[in-house]
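Notes follow once the structure below has been shown.
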Amino acid sequence: MKKFAMAALGGTLAGVLATTQIAGPLLAQDAAKSGNVYEQLDLFGDIFERIRAQYVEEVDAGELIEAAIDGMLTSLDPHSSYLSPDDAAQMRVQTRGEFGGLGIEVTQEEGFVKVVSPIDGTPADEAGVEAGDFITHVDGESVLGLSLDEAVTMMRGPVGSEILITIVREGEPEPFDVAIIRDTIKLTAVRTRTEGDTVVLRVTTFNDQTYANLEAGFKERVEEAGGMDAINGIVIDLRNNPGGLLTQAIRVSDAFLNEGEIVSTRGREIQDGERFNATEGDLADGKPIVVLINGGSASASEIVAGALQDHRRAIVVGTKSFGKGSVQTVMPLRSDGAMRLTTARYYTPSGRSIQALGVSPDIVVEQPRSPVDAAAEEEEETTRRPSRSEADLRGSLNNDSLTDDEIEQIQADRAKAEAAAALREEDYQLAYAIDILKGLSAIGGQD
């Protein structure tokens, strides 16, 4: 059966006596368990027929069986579920990077839908949905008591249609409604840019496009900067990245490692375990790396962060990650449906599982909340005085100790510093990561 790994292990005589003494009872127990299983299946059949015959309204037998299958799977853990033929087809489209919806990765907690992370540039992201939000109602209907797939189905709809979700957010005294227009979600798996001398790789998801996007974007930025010697390091931004394909997480990690284990998976049986190792070749030629994570970084993101952290290839900055340390395998079923089943846990190179614990950053940096008091901001703006310096004074003397080229260099450096200060206002965590790389570069440049 074809499987798709998501993306995202006394003496001989005494032994003979022990076997003789316990083999009989064990066989009896197995027979009793088998009998109980068949009795339970008979019970299921009885209930199924009673529902078909006596329920107050006529029910569709196929939908009833699908609901029973999904209930069996969702009772195992929050990530196992049944995928109807339509859901399975949509999942295959999603892993290719284009699908319809709101643009959020969700899980289930205490009966409500919890947002793992909004995806960059999607309707949910633009509407202000945040990682950690709880969705309690969809178009006024409560999702409490529904399975995760049922809740997700409620949020689906035609592209261009509006949906109203009710959100409970930590720090907010009351639930509030958010209106979102459904759209076709076209994921750009990796967005790249330069900030000063630093290449920033913003990885939003791990789908079929991720590694190819990362490699092409990184090489393009390095070429624009004037070669590898012109950059001081790399920031891999995995914040609010909900994960995806395990294979892509391995390739991204391998891109910056020359050797060693990337991740291992361990199933119920020893023989089901796998270990994935890095191959020679570092895309960044040993340049320092800072990885940014937060509570919305999950699954495949945590594999990358954990691998680079354990190998001391990167400094991990931000806040604790989500903590999804399990591997789901999607198994095709008859009638074009599929079963998403948790089949293994994954472990970082040091042998640690991050399940429910997350990856802890080397340097904890909280992202300050943007100011919401517009009146206070306006008052501050009106009372702020323009800064003045010696150079602004009429008749001030020129600096006669520097050449024109040296003055231009100082002015260019000052402009970079001012740009970095502006970035702190926009994205404090990213600015902090870039400052770390500047410090590492300065130390590395000393004799």
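The values are calculated or read from the model by the stated rules, or taken from the named source; none is laboratory data. Since the structure is predicted, the reported quantities are computational estimates derived from the model, not experimental observations. Using ideal geometry, Cβ is built from the backbone for each residue, glycine included, and neighbour counts are taken over all protein chains shown. In case anyone asks, the SASA skips ligands and DNA or RNA and just uses the protein heavy atoms, side chains included. Shrake-Rupley method; radii C 1.70, N 1.55, O 1.52, S 1.80 Å.
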- Order of 307-318, 255-266 by packing, highest average Cβ count within 10 Å first? 307-318, 255-266
- Message: Given a Förster distance of 25 Å, report the FRET efficiency between Asp139 and Arg169 from their Cβ-Cβ distance, rounded to the nearest 0.05.
- Response: 0.85
- Task: Grab the beta carbon distance between Leu41 and Thr279, set R0 = 51 Å, and tell me the FRET efficiency rounded to 0.05.
- Result: 0.60
- Task: Quick one: grab the alpha carbon gyration tensor of the stretch 131-170, order the square roots of its eigenvalues as a ≥ b ≥ c, and give me rounded if a/c is under 1.5, else prolate or oblate depending on whether a/b is larger than b/c.
- Result: oblate
- Task: Report the accessible area of Lys324, computed with a 1.4 Å probe over the heavy atoms of all protein chains in place, in Å² rounded to the nearest 10.
- Result: 30 Å²
- Shape call, the stretch 33-83: gyration tensor on alpha carbons, a/c limit 1.5: oblate
- Message: What's the whole-number percent of alpha carbon pairs in the stretch 209-365 lying beyond 26 angstrom?
- Response: 28 percent
- Message: Which order do the peptides 49-57, 235-243, 345-353 come out in when sorted by mean C-beta neighbours inside 10 angstrom, highest first?
- Response: 235-243, 345-353, 49-57
- Message: Could you report the accessible area of Met339 in Å², rounded to 10, computed with a 1.4 Å probe on the protein chains as they sit in the structure?
- Response: 50 Å²
- What is the gain in length, in nm to one decimal, between Glu162 and Gln271 on full extension, counting 0.36 nm per residue of separation less the C-alpha to C-alpha distance? 34.4 nm
- Would you mind working out the magnitude of the charge dipole of the stretch 266-366 relative to its Cα centre, with +1 at each Lys and Arg C-beta and -1 at each Asp and Glu C-beta, to the nearest 20 Debye? 320 debye
- Query: According to a simple spin-label model (label point 7 Å from Cα along Cα-to-Cβ), what is the distance in nm between Glu57 and Phe176?
  - Reply: 3.6 nm
- Whenever you get a sec, line up Leu333, Leu201 from highest to lowest accessible area (probe 1.4 Å, protein heavy atoms). Leu333, Leu201
- Message: Using protein chains only and a probe of 1.4 angstrom, how many square angstrom of Leu187 are accessible, to the nearest 10?
- Response: 20 Å²
- Item | Cα centre as origin, Lys/Arg/Asp/Glu Cβ charges: the stretch 184-320 dipole, Debye | 560 debye
- R0 = 25 Å: FRET efficiency of Leu357 with Asp208, Cβ-based, nearest 0.05? 0.30
- Query: Cα centroid distance between the stretch 175-225 and the stretch 290-325, in Å?
  - Reply: 17 Å
